[in-house]
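Report on the structure given below.
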Amino acid sequence: MMSQKKINPVLWVLLFSTFLLFNNNPAFAGVKSVKDELYEQIEIFSDALTAVQHDYVEEIQTKDVIYGALKGMLAALDPYSQFMDPDIFKELQVETEGEFGGLGIEITLRDNLLTIITPLDGTPADLAGLKSLDRIVKIDGEVTKDITLTEAVKKLRGKPGSEVTVTILRESEDEIKDYTIKRDIIQIQSVRRAEIIEDNTGYIKLTDFSEKTKSDLDKALEKLEKEGMDSLILDLRNNPGGLLVSSVETVSEFLPTGKLIVYTKGRDKRQNVEYRATGKTNFKNIPLIVLINGGSASASEIVAGAIQDHKRGIILGTKSFGKGSVQTVIPLRDGSALRLTTAKYYTPTGRTINEDGIKPDVLVEWIEPKDKNIETKKEKEENVFDHLKETETQKNIQDQQDKSAPQPEPTKQEEDKKKPDNQLRAALNLMRGIKIYKQQSEAPEKKE
């Protein structure tokens, strides 16, 4: 005969007390309702999965359906959260040997459209004429609807020297145009330019925020100081961001130690972190103007927001991109992973960066530099109609001609970029006024 073990009476009391506590304590009411709702929704998902397995026209792999559901679930949250299958996650983790070619663009999903945050200076995308906020509607003829960021990056990069055709919708010009671009090795220098440009005003062009940014910026500031710099224009236009710590180190060059630079806030209290200025600096009082535009994102917006909130300098240009969220990668048991938005960035005064961006103190719209080779508006319109009349065969011939056409010399374009554009010219004029006002305010009063 099998014996039955009796439960200890004390254990019965403990179990019954826990049951009463859970059901009657208001503190657990929310937990219970959330769990009940979750179980109900999971049952709906289970019913749908069962229907697909039994009734779909073709036999399907359960893993494929689950992965598809996870992709949809993360995509429904925000443009930066996504599900990565094991292959894609591994590709992001592994330091790949050899060289990969790219176009030199930072991309995101905005309004469910693949959008260029900015083309990086001097890269193939920049030289080809791609611009911030351009929409990529096709990659090599394939429509980008419902594409993930990881999938887009995979399609855009390839062997150096190979070509990729991106179809661009530029809403400001209300046109769709193909760009065939040759991939190249993308080498980014944090400090693109550092020089005295006028009246002892220093100019530093920061292209990203990487591990080398602090050391490169320190060298640039030291160099300009020796050359007699008495004011500074920091150019963050088309800077897509990078490392948070690098942006904090950059702002620390211009703010007193201990000043709040940025803070993150999420539902999990562990995501609530403050970042303050650290270290000593010789540049906390130097007149400062920061240039931004629609291609300034993430870490660039942290820098501009902190300078603006502390009234440490003047922000000039156009509104920044508005990318101010923190993503955390969470590995899953089968080698896949979630990239999940877990917090948002806030400026020292509590302004949210995400989607809102940083609005400049002085709004100066960009004016395209005049070029003798630029077509007139009438010529462009005629070309558009000519393009519409082309047959598919003629279009293919034209594409081949475009590919074989000589590309403009990068060195010439780089020289052109050193000439002050209208926004930089506005900053120089404003800086001249600031210095005149400062001199007058510091001058001793004359006794009459």
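Give the dimensionless ratio obtained when the Cα radius of gyration of segment 96-182 is divided by 2.2 N^0.38 Å.
For segment 96-182, the normalised Cα radius of gyration comes out at 1.01.
What is the spin-label model distance, in nm, from Ile196 to Lys177 if the labels are put 7 Å beyond Cα along the C-beta direction?
For Ile196 paired with Lys177, the spin-label model returns 4.0 nm.
Place +1 on the Cβ of every Lys and Arg and -1 on the Cβ of every Asp and Glu in segment 96-182, take the dipole about the Cα centre, and give the residue among Pro119, Thr144, Ser132 whose Cα lies farthest towards its positive end.
Thr144
Residues with beta-carbon under 10 Å from that of Ala297, excluding Ala297: net charge, scoring Lys, Arg +1 and Asp, Glu -1?
Details: positive: Lys323; negative: Glu106, Glu301.
So the environment of Ala297 carries a net charge of -1.
Arranged from highest to lowest average of other beta-carbon atoms within 10 Å per residue, in what order do the peptides 159-167, 315-323, 55-63, 329-337 appear?
Working: 159-167: 15.1, 315-323: 23.7, 55-63: 8.2, 329-337: 13.2.
The densest-packed peptide leads the list: 315-323, 159-167, 329-337, 55-63.
Show me, for segment 66-74, the HN-Hα J-couplings you get by feeding each phi into the Karplus relation (A = 6.51, B = -1.76, C = 1.60, θ = phi - 60°), rounded to Hz, glycine and proline as x.
Karplus values, whole Hz, x for Gly and Pro: 4, 4, x, 5, 5, 4, x, 5, 5.
Among Lys205/Lys280; Lys63/Lys159; Lys214/Lys319; Lys182/Lys219, which pairs are too far apart, with a Cα-Cα distance over 28 Å?
Violating the 28 Å limit, Cα to Cα: Lys63/Lys159; Lys182/Lys219.
State, as an integer percentage, the relative contact order of segment 96-182 based on alpha-carbon contacts under 8 Å between residues 6 or more apart. Please list the in-between numbers first.
Details: 160 pairs, mean separation 25.2, N = 87.
This gives 29 percent for segment 96-182.
Taken together, the values in this text are just the output of simple stated rules run on the coordinates, not laboratory data. Not measured: the values here are computed from a predicted model. Cβ sites come from the backbone with ideal geometry, for glycine too, and all protein chains shown count toward neighbours.
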